[in-house]
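All of the numbers you see were taken from the coordinates with simple rules; none came from a lab. Note that the structure is predicted; figures quoted are calculated from it, not measured. Every residue, glycine among them, receives a Cβ derived from its backbone with ideal geometry; neighbour counts consider all protein chains shown.
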Amino acid sequence: MLRIAIVDDHQIVRAGFREMLADELDLEIAFEAASGEDALDALRETGADVVLLDLALPGQSGVDVLRAIRQRFEGVRVLVLSGFPEDRYAMALLRSGADGYLCKDCEREELIRAIRTVADGRRYVSARTAELLAEELAGGGTAPPHESLSDRELQVFLRLARGESVTEIADSLVLSVKTVSTYRSRVLEKLEVASNAELAAYAIRQGLLVE
């Protein structure tokens, strides 16, 4: 029996995924969570084999939760289910440790296939993500600069783009202000921008701001 966790801040979305999984006799819902903090607490108390993780969460973002799971819960598989198309986040999140990435409008059969694939210890990529990977391997892809960010740099970038200060980010991620400032400098350099305002403008152009 595979134990599935559904992490999404919209009740109707959680209900939809729960219904999609209801007929699978070897899948059971371990828990549902509406925030990253609740999801991490439930993983400690209840556990799960596969986490269906949304990116747009209140408080800790899906990127934050993914990193925390990778650090604290060995063996838990993470399938990101996002409203953002693969072109925007899939490659960066796969590099950051996600076991798979799907858009929320996927068909039920693809969702089930993705869950079973990551539960078996393999990566699941959609047809579009496979194309992006092939383009990258062939050297013909035109990957946007944010895809070169490390997982921690991506965390800091998205928080800066949402208007958080270096001090606020340091408090949230339990890092020193100096460390966050170093990550900020790396992000500015990699994205070739000069200020937080330009970071936010970049995020808007790329459709990366999670509402």
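Which angle between 0 and 90 degrees, to the nearest 10, do you get for helix 11-21 versus the longest principal axis of the chain when only C-alpha atoms count? With both axes taken from Cα atoms, the answer is about 50 degrees.
Karplus-derived 3J(HN,Hα) values for region 22-28, using 6.51 cos²θ - 1.76 cosθ + 1.60 with θ = phi - 60°, are 4, 7, 8, 5, 9, 10, 9 Hz; glycine and proline are entered as x. Near the amide H of residue 29, within less than 5 Å, lie the amide hydrogens of 4, all on another chain or at least 5 residues away, with H placed in the peptide plane.
Could you work out the mean projected area of the convex hull around the alpha carbons of region 101-211, in square nanometres to one decimal? Dividing the Cα hull surface by four gives the mean projection, 8.8 nm². Label sites at residue 123 and residue 186, each approximated as a point 7 angstrom past Cα along Cα to Cβ, lie 2.0 nm apart. Taking 0.36 nm per residue of separation and subtracting the current Cα-Cα distance, fully stretching the chain between residue 110 and residue 177 would add 19.9 nm. For region 1-73, the residue among 35, 73, 58 whose Cα projects farthest onto the positive side of the dipole built from Cβ charges is 73.
Taking 20 Å as the cut-off, the amide N atoms of region 88-103 that come nearer than this to a point 7 Å along the Cα-to-beta-carbon line of residue 193 belong to 88-93. For region 1-115, report the % of Cα-Cα distances exceeding 21 Å. Of all Cα-Cα distances in region 1-115, 27 percent exceed 21 Å.
Approximating the spin labels as points 7 Å out from Cα along Cα→Cβ, the residue 95-to-residue 2 distance works out to 2.8 nm.
Labels on offer are (i) 53, 41, 29; (ii) 51, 33, 28; (iii) 52, 50, 33, and the one holding Cα extents along the principal axes in Å computed from this structure is (i).
In units of the compact-protein estimate 2.2 N^0.38 Å, region 67-126 shows a Cα radius of gyration of 1.06. Under a model in which nothing but the beta-carbon of Lys, Arg (+1) and Asp, Glu (-1) is charged, the chain shows a dipole of about 640 debye around its Cα centre.
Where nothing but the Cβ of Lys and Arg (+1) and of Asp and Glu (-1) is charged, how large is the charge dipole of region 21-108 around its Cα centre, in debye to the nearest 20?
500
Once the chain from residue 70 to residue 11 is taken as fully extended at 0.36 nm per residue, the excess over their C-alpha distance is 18.7 nm.
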